[in-house]
Every structure is written in C-alpha cells, then in structure tokens.
Amino acid sequence: MKIIPVSEPNIETKEIAYVNKAVKSGWVSSIGEFIEKFEANFAKFCNRKYGVSTGNGTHALHLALEALGIGKGDEVIVPDFSFIAPANAVHYVGAKPVFVDAEKDTWNMDPKEIKKRVNLKTKAIIVVHLYGNMCDMDEIMEIARKNKLFVIEDAAEAHGSKYKDNMAGSFGDISCFSFYGNKIITTGEGGMCLTNDPKINKKMRLLRDHGMTHNNKYWHEIVGFNYRMTNLQAALGCAQLERIGDFLKTKKRNAVLYEKFLKDVPWIEFQTTKPWRENNYWMFTILIKENSKYSRAEIMNILKKKRVETRNVFYSASIMPVHSKYFNKKDKFQNSVYISKRGINLPSSTKLTEKEIKYICNIIKSL
Ligand SMILES: *Cc1c(COP(=O)(O)O)cnc(C)c1O
C-alpha cells in the first residue's frame, strides 16, 4: 500500500492542457495571456480589484511591505505561531517584527495581545489566517483604524475562507497569497498580492519588475526586484482556479469526516472555528492533550509505521534562537508554545478517500 501523504497537489488533464498551451506558445517567461487571466480571475474570486502575481508567497509579503513604505525604525506586528515567512519579510525591509501570542482555541493571533503591542513605531499588522481559520477581522480592523495602521493579510493558507461572508484576502490594504504545491491551489511556486487601491497596485507592479517604468524600457524609477510569475506558472494557476470550488468542497468533507471519527477521543483537541467564519480546512490539525498515553512523537511514529505521513505544526518563534532577541524575557507565549508542542497536521489532500480517513482515524482511536 502506498504512503498516505500529508498533502499532494491535484493535477489533472486541464492543468496539463493549459501548461502545454503556454509552453507551445513560446511565452515561457513573465509575459503571456495566462498571467493577465490568472491575476484578473483570482482577484475576482477574492472580490478585489487588482491582482499582482509574484514568484512565490514570500515575494508577495515583501512586495506588500515595500509598497506600503515600511522600513527601518518601523515595527510590524506578526503572529508568534505561524509559518515564518511574514516575520522574515519584515526583516527584509529592515523593520522589526513584534510577535504576539495566539488564542488558545482558534490558534490565531489574539487581538488583545495586538492592542498591547501597538506603539508610535507600529506601522502595520500582518494577520495570518492559520490553516484556513479566519482571524477576528472586525477586532483587528478596528485596532488598525484607531491607530492608523496598515493591515496586510497573509492569506497563504486561506484561499476561499470567509469571515461574515467576506472572502479571505478582501480585508487588508494588501492581501498576500501563496500557490506553493501544498496550498489550496498551486502554480508550483507562486504568489499574489491583491489590493483595491490603484496607487498601491501601480507601485507593486513597478517594484516587481526592477522598478522599471511601464512605458519606457530600461528607465528605472526606483530600486526594484524581479518578483515576477511566469506564464507557465499562471497557466497551471488558471486551471487550478477553475477547480477551486471542488477542492474547497473536498477539504470540507475531509474535515467533517475527521471530526466525526475523532470527536470522542478524549486526548485530542481541535482548532475552533468561531461563528460567522467559514474555514477552508486547508490542513486538518489536531492537538495531543496532556492526558494522552502517548507523546506527540510516539503517535507520529506509530502512524508513520502504518504508512500515514504526518507533520508537526510550526514552532513558536519565541523558542527559536534566531528570533529570541526580538522577545522580552518576561513575555510568555503560553498558548503559542502549547500549540506548537502538541499539534499534528494529518493528511489533508484533496485526493484522500473516505476509506483512507477512516483508516487513519482507526489507528488514532486504537491509541
Ligand atoms: C506558505 C506560506 C507562506 C509562503 O509562501 P511561499 O510561496 O512558500 O513563499 C507565507 N505565509 C504562510 C502563512 C504560509 O503558509
């Protein structure tokens, strides 16, 4: 029997046909029909005016910070429990990441903790909708409005999630997505910034393309980057976007089945999706509570022996030496550390069968 992976891309004939078309067209770099189509269609999917595609999700975050003029001397609030890209992007522009603890139940950044860390140097908040679970956007947008802060949504894990009927990525001054191989839709590597502001759109396009003036070749207005997506990537993205409705349905089905089969296991904790949120269930994740007979490592090992691949969740930034100088010794990121030591990502791909989910859950239940 094959290994059941944590995640695998769902590539079928449509993807192959579109990529073939792009290759055969000769437009293999960053000009071509698929790029414009992918930017327009993805922006529309998220209910935004402009889409600026990038080489990956980390480029998108860096581009967003640059476009908002954030730099040296500025502080940007980021979640302590998250993939590290948003904090790294803050470093790229020479600003200081200010970490905040997670909420115990949603695992997302705690608005009360955000409030405590706003000061005169704070310029922006990067919110991450973790595993597709939407942050408390009413609260966070209110904090931003009161303190005149930018909001950057890192929606790399949240394509198709909703907060009070509004799409993930429709809130921030800029929202950033990733299309890495394990995300809801993939372009191989790839990313996108979305905005409703024509000036920000223009600035991001300039920065993405070496700072080169649109209508005067090799005239550079500012120091920019090459953060462009290729037409080949965008071809893959166009095909994936046509299938996103099916992917979201399958992710939801996976979550419903996992919760049904595991709900009576007394040593497991789930991530809470609060009312008025629609989770895309990007990565189905459980926490191993203290009353478990086996440790997290033991459980992962048992599953591995039965050919079920799992993954530990992100580490709290507060416990990594490279980030420790950005923390006050007296700060305790209790929730974030708790989650990071106890979380396991279970297989979550759109190719999972109901039988496989049952198989995985039966192993867990037997412990
Ligand atoms: C995947 C991910 C990114 C980065 O995306 P890349 O395309 O791998 O650069 C950023 N933030 C979060 C929360 C992610 O999950």
Task: Residue in segment 321-341 that is nearest to the chain's Cα centre (by Cα), counting only those that are assigned to a loop (DSSP other than H, G, I, E, B) and loosely packed, with under 13 Cβ neighbours inside 10 Å - done: Lys332
Task: Which listed residue is of a type in the set (A, V, I, L, M) and within 16 Å of Gly51 (Cβ to Cβ), from Ile152, Ile143 - done: Ile152
Task: In segment 244-285, residue farthest from Asn133 (Cα to Cα) [restricted to those that are charged (D, E, K, R) and touching a strand residue (DSSP E or B) at 6+ places or on another chain (Cβ under 6 Å)] - done: Glu269
Task: segment 148-178, residues that are near the ligand (Cβ under 10 Å from one of its atoms) and touching a helix residue (DSSP H, G or I) at 6+ places or on another chain (Cβ under 6 Å) - done: Asp154, Ala156, Glu157, Ala158, Cys176, Ser178
Task: Evaluation of Met229 against (1) in contact (Cβ under 8 Å) with a residue 60 or more places away in the chain; (2) of a type in the set (A, V, I, L, M); (3) assigned to a helix (DSSP H, G or I) (one fails), failing number - done: (3)
Open item on the list: When the residues of segment 179-212 are narrowed to those that are small (Gly, Ala, Ser) and within 12 Å of the ligand (Cβ to nearest atom), which ends up farthest from Ala155 (Cα to Cα)?
Closed with: Gly188
Open item on the list: Consider segment 259-307. How many of its residues are β-branched (Val, Ile, Thr), in a loop (DSSP other than H, G, I, E, B) and more than 30 Å from Ala155 (Cβ to Cβ)?
Closed with: 1
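Tally up the residues in segment 1-12 that are modelled with pLDDT of 95 or more and farther than 15 Å from Ile185 by Cα, please.
Going residue by residue through segment 1-12, those that are modelled with pLDDT of 95 or more are 3-12.
Retained after the next criterion (residues that are farther than 15 Å from Ile185 by Cα): 3-6.
Qualifying residue count for the region: 4.
Would you mind stating whether Ala155 is in contact with a Gly (Cβ under 7 Å, 6 or more places away or on another chain) and more than 22 Å from Lys332 (Cα to Cα)?
Yes, satisfied.
Give segment 10-24 a look and list any residue that's surrounded by 14 or more Cβ atoms within 10 Å (Cβ to Cβ) and either out of contact with any helix residue (DSSP H, G or I) (no Cβ under 9 Å at 6 or more places or on another chain) or of a type in the set (Ser, Thr, Tyr) (or both), or say none. It would help to see each step written out before you state the result.
Of the residues in segment 10-24, the ones surrounded by 14 or more Cβ atoms within 10 Å (Cβ to Cβ) are 10-11, 14-15, 18-19, 21-22.
The one that is surrounded by 14 or more Cβ atoms within 10 Å (Cβ to Cβ) and either out of contact with any helix residue (DSSP H, G or I) (no Cβ under 9 Å at 6 or more places or on another chain) or of a type in the set (Ser, Thr, Tyr) (or both): Tyr18.
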Task: Hey, Ala67 more than 16 Å from the ligand (Cβ to nearest atom), closer than 24 Å to Ser30 by Cα and crowded, with 24+ Cβ neighbours inside 10 Å or not - done: yes
Task: Residues that are touching a Gly at 6+ places or on another chain (Cβ under 7 Å) and surrounded by fewer than 21 Cβ atoms within 10 Å (Cβ to Cβ), drawn from segment 235-285 - done: Ile244
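Taking the options Ala124, Ala158, name whichever one is under 19 Å from Glu39 (Cα atoms) and in the same structural domain as Gly94 (by TED's automatic domain parsing). Spell out how you get there, then give the answer.
Values: Ala124 fails: under 19 Å from Glu39 (Cα atoms).
Checking each option against the conditions leaves just Ala158.
The values are calculated or read from the model by the stated rules, or taken from the named source; none is laboratory data. Please read these numbers as outputs of a predicted model, since none were measured by experiment. Quick reminder, even Gly has a Cβ in these numbers, built from the backbone with ideal geometry, and neighbours come from all protein chains shown.
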